[in-house]
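One structure below.
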Amino acid sequence: MPQVEANGITIEYESTGEGEPLLLIMGLAGQLTDWSDDFVGEFVQRGFRVIRHDNRDAGLSTEFDWPTPTRAAIARAMLRRKPVAAGYTVDDMATDAAGLLDALDIDAAHVVGMSMGGMIAQSLAINHAHKVRSLTSVMSNTGDRKNGGVNKRVLMKLARAKPPTKETAAEDGTEMYSLWAGSSWDRAEHLATARRAVERSYRPAGVERQTAAIAASADRTPGLRNVTAPTLVVHGLEDKLVMPSGGVATANAVPGSRLLMFPDMGHDIPRTRHTEIADAILANTERGSVPVGV
């Protein structure tokens, strides 16, 4: 896969299809390959050029080396709604995405982000508004530390979880994922994807740094109130990693946004909802076919 130099780092990316550019931003610990080919195909078939990339500290993009807070420390900070110290924030990752678009000579793109990727997409729409034609935030939150938090039982299990090894990472990660996946989640499919991801890149310290970056990031609510890009918010009612209140708060913050919630969706994009979600994103992009913002 190709790479570009942007915002002082190396970014691994993949571009599929032709047409209006659509940038997919993956979440915490995810790699560009975690976007399923079927989901990407939904947009390629609709005439988009789909761009996926590895965020910093994930996949094959630049890996950092600053020391991270412990999981327990991050969990305590989340429970107390306090920030933590980190070497970068979600805003820096949004600047990476803007730099990727610049490196590809793309003036503006439709942007879709899931989970942490939704946070990055929101920051991109706030701080680089001219780069965003439309915004879709999937199973994410505003960073206000009041809405869209982790279910407390899940948070405590995360804090107490033993670090995996490369040999057990796919199985352990899939078992942990079952705590917040929805009733339409496919365990076998997830495990197969996880095994491929571990073989491609295994960076447990990068996951900790990305987690710290989320916990160190500021509330985006004030900035979201000024977003002019057509915005769609998608969330699952069974989500226990980012509770549904995060989606509601995001939709409430962005003027004119649309909220779409699914009763059988947790913190995942189930195959059974691919077409319906893609249709909703397409409808949102049609509202933003001309670059907006300043």
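The values are calculated or read from the model by the stated rules, or taken from the named source; none is laboratory data. These numbers come from a predicted model, not from an experiment. Don't worry about glycine lacking a Cβ; one is built from the backbone with ideal geometry, like all the others, and counts go over all protein chains shown. Just the protein is used for accessible areas: all its heavy atoms, side chains included, with ligands, DNA and RNA removed. Shrake-Rupley method; radii C 1.70, N 1.55, O 1.52, S 1.80 Å.
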Looking at segment 177-243, what helices (runs of 4 or more DSSP H) fall wholly within it and have at least 3 residues that are open to solvent by 40 Å² or more (accessible area, probe 1.4 Å)?
187-200, 204-216
Quick check on my filter: what residues within segment 148-173 are under 30 Å from LEU100 (Cα atoms) and assigned to a loop (DSSP other than H, G, I, E, B)?
GLY148, GLY149, LYS166
By residue number, the members of segment 178-192 that are of a type in the set (A, V, I, L, M) and farther than 16 Å from SER115 by Cα are ALA188, LEU191, ALA192
Taking into account only those residues within segment 200-219 that are in contact (Cβ under 8 Å) with a residue 60 or more places away in the chain and among the hydroxyl-bearing types (Ser, Thr, Tyr), which is nearest to ARG81 (Cα to Cα)?
SER217
Give segment 254-283 a look and list any residue that's assigned to a helix (DSSP H, G or I), over 18 Å from the mean Cα position of the chain (by Cα) and surrounded by 19 or more Cβ atoms within 10 Å (Cβ to Cβ), or say none.
none
Residue that is in contact (Cβ under 8 Å) with a residue 40 or more places away in the chain, under 23 Å from GLY59 (Cβ atoms) and of a type in the set (D, E, K, R), where the choices are GLU171, GLU189:
GLU189
Please tell me if ALA97 is touching a residue at least 12 places away in the same chain (Cβ under 8 Å) and within 19 Å of THR231 (Cβ to Cβ).
yes
Given the criteria more than 15 Å from the chain's Cα centre (by Cα) and farther than 15 Å from ALA253 by Cβ, does ASN147 qualify?
no
Based on this model, can you work out whether ASP144 counts as among the charged types (D, E, K, R) and either without any contact (Cβ under 8 Å) to a residue 40 or more places away in the chain or exposed (fewer than 14 other Cβ atoms within 10 Å of the Cβ) (or both)?
no
